[in-house]
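The values are calculated or read from the model by the stated rules, or taken from the named source; none is laboratory data. These numbers come from a predicted model, not from an experiment. No Cβ is skipped: glycine too gets one built from the backbone with ideal geometry, and neighbour counts run over all protein chains shown.
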Amino acid sequence: MKKFRYILLAALMCAAVSCDKPVKPEAATLTVSPTTLEFKADDASNKLVLVTTTESWTASASASWIHLDKTSGSSSGSVTVSVEANTDTDDRRGTISFNGAQKADVTVTQAGSDIRTLVAQPAAFDGNKRSSTTYQLLIYSFADSNGDGVGDFKGIISKLDYLDAIGATALWLSPAHPTSSYHAYDVDDYSTVNPLYGTEADFKALVDAAHAKGIKIYMDYVLNHSGSNNAWFKAALEDPASPYRDYYVFSDNPDTDVPAGRIDNYGGAKNPGMGEWHAVSYGKSGYKGRLHFKLDWSGSTKTVTVSKSGDTPETSNKNAKIWLWIGSVGAVGLYETDKDIYEITIDVDTDWGFLVRTSDTTWDNGTKWGGDGSAIAFGEPYALNNTSAADIIFGGKTSYYFASFAASMPDLNYGKYDKASESPAFKAIAATADRWITDFGVDGFRLDAVLWIYQAQITPNQTFLKQWYDHCNTTFHAAGHTDDIFMVGEAWEAHSTEKNYYKGINSCFEFEYFGTLTRAIGGNASNYVSDVNKYISEHTAMRPDAITSIFMTNHDQPRAAESLGKNLEKEKQAAAMMLTTPGKPFIYQGEELGYYGTNSGGDEYIRTPMMWDKAGKDCAKKGVNNKVDNAMLKAEISVEAQAADKESLLSVYRDFSRLRNTYPALADGTMTASPLNSGSVASWYMTSTSGQKMLVIHNCASTEKQVAVSDDISKPVAVLGTIKADRSTLIMPAHSSIVFDLN
């Protein structure tokens, strides 16, 4: 028994201390669930990965777009996984690696986005210009080739590559003729060119070089008036019997002739609404000898009495209140001899007469006093006035000429409007136009101030213009052209009046267009299509071959950028809209660079010379009498700077002009509103006669717009702004534009 107890005790002790081999601890494990996570493109939800383990672990993502709320742990737990939105159209794939005693991976996939950024992919331009885009340039301030500060013909030739790159198919040149002013609208000689700009050979070289690049030349022709230094007018002034007197509007007594309807230039009107009669004298109108002048300034009617005198002459009163302006002497101050009585005795030698002035520094605000054009009688009071204030003459015959704009621009006289082509003035000017067409090869004319040829009388002006157009077109055909000459008139009136002038010529500037454009860009865009189509349809109703000339501003108006608040995005959209609109667009010099300004300080400030390089070298400032806004002409507004910047305003003009030249639908297609046209979105189709169809969309709002499109938007050919598409919905930022090829 004792032995048994020892055996049992040993067994129990052995059991207590385990007499078998040592037991190894269980191996650690690490598992994750799920092993795949799938996210949508714009998925913002969080997904969990469960980690099961008895040991510590770490986690890391293979891509920066995968985010983990924790990257380590010491036991089982969970990890929250999120992803950034996928803005790419491709799916993407990543991995989350868990590492502990063992390793486990989770595959993360995310679908590609339906939102894509649209990139323009236009067809290659084949070099065949299809558009009719015209560039208006001022010869005197465009490009200076010889360093004299005035633009010239050779300067234009040197910039034809620039004009070609902007898509120009024609150039409208400011008047090229000799002139007495910088702007050249007072023509001294219609038959030749201004020597400041070069020679006739230089002009012919310009026409030929432009034609070689597919660019036509339109001359500015001033038919309403000539300059007062024109040889025709000088001859008319020198001799009342001169045949050139018939070239102008003269009357010996306009107060009688106008009411009687004897002024053909008025076209039947009794009141022209604009313009003045200016006195001239024939025969001996001056005087040489000693005279006494007495001015009576006491009554409502001011008078001067001039008498021959043998008294000692007096010197000018330097402290005078009233002066004579006479002959070569100039200003002569009178002495106040009694209340409101002023006198002086002087020696006179004048070949024209004299005037009275109440200021020795200015002629403004009624300070110039003269007569009614009649001669004085010695010793008798002569009534003065400060309205017509004609020269006070000593003898000879007084007559008057009419000028719609200024004394330096006397109106031309074409006689009775239904027979205007038979008048001497018409024949003379038409002969000069024939020369520019036949000998130099010009392709058309811009006609200045056509409203005032017959004083804003529609039927007379229509009738005159038809005679002028038919004459020039006959010459154009005789020169070998199979198409018709282009002729655009400046009928600066509302559309309701302007449209009537198409009965005379094949184009007029649509002065209402820029107002329509600015309203659209201001957010009221829904009427843009209907307004433009109204212009076109009412023009073609007047004549089937009508060409609607659209433009923003010209050399007589505040700059487009000024009217658009100097807002670059609006300026860009204005360019994009005009160049996707039917009609014949005109681009005014500097408009494509964002030139701004008004003419409040003088017209020169809206006729700014081109700044070709950042330094402003060879900028033709003298061409505008050095009246420029130097604060605007900074390096960044230059052609050099903007040509190098794909986001510049110049680049927008170039891109959309190239587009217009590439696609027939944009060049000469028909405009119809698309279903998207509403509110601040202007949208239309452009369809060519061959069936090519384009969709044009402009978001004119100052905020982003989402536009759902039912048409195929797979072929964007022009994009202004960063425009995205979510399947068939366009996400368009403020003042953005896009064009699609639907073929």
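Scan region 704-743 for residues that are polar (S, T, N, Q) and buried (at least 19 other Cβ atoms within 10 Å of the Cβ) and jot them down.
Residues of region 704-743 polar (S, T, N, Q): 706, 710, 714, 722, 728-729, 736-737, 743.
The answer is S736, S737.
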Under 9 Å between Cβ atoms, which residue pairs at least 6 apart in sequence (or on different chains) link something in region 33-54 that is assigned by TED's automatic domain parsing to the domain that holds T109 and in a strand (DSSP E or B) with a partner that is among the basic types (K, R) and surrounded by 16 or more Cβ atoms within 10 Å (Cβ to Cβ)?
L37/K47; E38/K47; F39/K47
Condition first: touching a residue at least 40 places away in the same chain (Cβ under 8 Å) and assigned to a loop (DSSP other than H, G, I, E, B). Now tell me which residues in region 301-339 satisfy that.
T301, K302, A320, G327, L334, K339
If I filter region 545-558 for residues that are within 27 Å of L676 (Cα to Cα), among the charged types (D, E, K, R) and out of contact with any strand residue (DSSP E or B) (no Cβ under 6 Å at 6 or more places or on another chain), do I get at least one hit?
no
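For (1) under 60 Å from the mean Cα position of the chain (by Cα); (2) surrounded by 13 or more Cβ atoms within 10 Å (Cβ to Cβ), each residue gets a yes or a no:
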position	(1), (2)
P34	no, no
L37	yes, yes
D43	yes, yes
T54	no, yes
A59	no, yes
G77	no, yes
S82	yes, yes
T95	yes, yes
Check region 577-595 and report whether any residue there is surrounded by fewer than 20 Cβ atoms within 10 Å (Cβ to Cβ), assigned by TED's automatic domain parsing to the domain that holds L171 and assigned to a loop (DSSP other than H, G, I, E, B).
no
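Within region 201-235, how many residues turn out to be in a helix (DSSP H, G or I), outside the structural domain of I485 (by TED's automatic domain parsing) and touching a residue at least 40 places away in the same chain (Cβ under 8 Å)? Please lay out each step first, then the result.
First, the residues of region 201-235 that are in a helix (DSSP H, G or I): 201-212, 231-235.
Among the residues that remain, those that are also outside the structural domain of I485 (by TED's automatic domain parsing) are: 231-235.
Those left that are additionally touching a residue at least 40 places away in the same chain (Cβ under 8 Å): 231-233.
Adding up the residues that qualify gives 3.
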Among the listed residues S281, S300, S328, S307, identify the single one that is buried (at least 19 other Cβ atoms within 10 Å of the Cβ) and either at pLDDT 95 or above or closer than 30 Å to N253 by Cα (or both).
S281
Is it true that D483 is touching a residue at least 40 places away in the same chain (Cβ under 8 Å) and either out of contact with any Lys or Arg (no Cβ under 9 Å at 6 or more places or on another chain) or crowded, with 18+ Cβ neighbours inside 10 Å (or both)?
no
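Of the residues S281, S298, S285, only one is under 30 Å from Y342 (Cβ atoms) and assigned to a strand (DSSP E or B); which? Full working, then the answer.
Details: S298 fails: assigned to a strand (DSSP E or B); S285 fails: assigned to a strand (DSSP E or B).
Only one candidate qualifies: S281.
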Tally the residues that are out of contact with any Pro (no Cβ under 8 Å at 6 or more places or on another chain), among the aromatic types (F, W, Y) and over 19 Å from T438 (Cβ atoms), restricting the search to region 211-235.
1
Would you mention how many residues in region 416-464 are among the charged types (D, E, K, R), surrounded by fewer than 18 Cβ atoms within 10 Å (Cβ to Cβ) and not in a loop (DSSP other than H, G, I, E, B)?
6
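Test A635 against the stated conditions and say whether it is in the same structural domain as A168 (by TED's automatic domain parsing) and not acidic (D, E).
On the way: in the same structural domain as A168 (by TED's automatic domain parsing): yes; not acidic (D, E): yes.
Against the criterion (in the same structural domain as A168 (by TED's automatic domain parsing) and not acidic (D, E)), A635 qualifies.
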Which of (1) surrounded by fewer than 21 Cβ atoms within 10 Å (Cβ to Cβ); (2) in the same structural domain as V532 (by TED's automatic domain parsing); (3) touching a Leu at 6+ places or on another chain (Cβ under 7 Å) is the odd one out, the single condition P664 does not satisfy?
(3)
Given the conditions (1) closer than 28 Å to N743 by Cα; (2) at pLDDT 95 or above, which single one is not true for G127?
(2)
Filtered residues of region 141-152 (kept if in contact with a Ser or Thr (Cβ under 7 Å, 6 or more places away or on another chain) and not small (G, A, S))
D152
Tell me, yes or no, whether region 245-261 has at least one residue that is loosely packed, with under 13 Cβ neighbours inside 10 Å and assigned to a helix (DSSP H, G or I).
yes
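If you check G616 against the conditions, is it surrounded by fewer than 24 Cβ atoms within 10 Å (Cβ to Cβ) and at pLDDT below 95?
Details: surrounded by fewer than 24 Cβ atoms within 10 Å (Cβ to Cβ): yes; at pLDDT below 95: yes.
Taking the combined requirement at face value, the residue satisfies it.
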For A111: the one exception among (1) crowded, with 17+ Cβ neighbours inside 10 Å; (2) within 30 Å of L742 (Cβ to Cβ)
(1)
All but one of (1) in a loop (DSSP other than H, G, I, E, B); (2) touching an Asp or Glu at 6+ places or on another chain (Cβ under 9 Å) hold for G616; which doesn't?
(2)
What single numbered condition from (1) in a strand (DSSP E or B); (2) on the phi > 0 side of the Ramachandran plot fails to hold for G366?
(1)
Read through the list (1) hydroxyl-bearing (S, T, Y); (2) more than 28 Å from the chain's Cα centre (by Cα); (3) farther than 30 Å from D484 by Cα, then give the number of the only condition that S404 fails.
(2)
Quick one: W172 ticks every box in (1) crowded, with 18+ Cβ neighbours inside 10 Å; (2) of a type in the set (A, V, I, L, M, F, W, C); (3) under 14 Å from K213 (Cα atoms) except a single one, so which number is it?
(3)
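Matching residues to (1) under 22 Å from V222 (Cβ atoms); (2) in the same structural domain as R446 (by TED's automatic domain parsing); (3) among the small types (G, A, S):
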{"residue": "L465", "(1), (2), (3)": "yes, yes, no"}
{"residue": "N473", "(1), (2), (3)": "yes, yes, no"}
{"residue": "W492", "(1), (2), (3)": "yes, yes, no"}
{"residue": "S507", "(1), (2), (3)": "yes, yes, yes"}
{"residue": "Y528", "(1), (2), (3)": "no, yes, no"}
Only residues that are within 18 Å of D105 (Cβ to Cβ) and acidic (D, E): list them for region 35-68, please.
E38, E55
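Would you check if D114 is under 25 Å from P716 (Cα atoms) and more than 26 Å from the chain's Cα centre (by Cα)?
Numbers: under 25 Å from P716 (Cα atoms): yes; more than 26 Å from the chain's Cα centre (by Cα): yes.
Yes.
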If you go through region 373-396 one residue at a time, do you hit one that is in the same structural domain as G330 (by TED's automatic domain parsing), within 23 Å of Y248 (Cα to Cα) and acidic (D, E)?
yes
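Where in region 88-164 are the strands (runs of 3 or more DSSP E), entirely inside, with at least 1 residues that are touching a Leu at 6+ places or on another chain (Cβ under 6 Å)?
On the way: elements: 92-99, 103-110, 115-117, 134-137.
Hits in region 88-164: 103-110, 134-137.
Quickly run through region 229-272 and pick out the residues that are among the small types (G, A, S) and closer than 18 Å to S388 by Cα. Let's see the steps before the verdict.
So in region 229-272, the residues among the small types (G, A, S) come out as 231, 235-236, 241-242, 251, 260-261, 267-269.
Passing the criteria: only S251.
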Here is a check on your reading of the model: is A165 buried (at least 22 other Cβ atoms within 10 Å of the Cβ) and over 30 Å from D252 (Cβ atoms)?
no
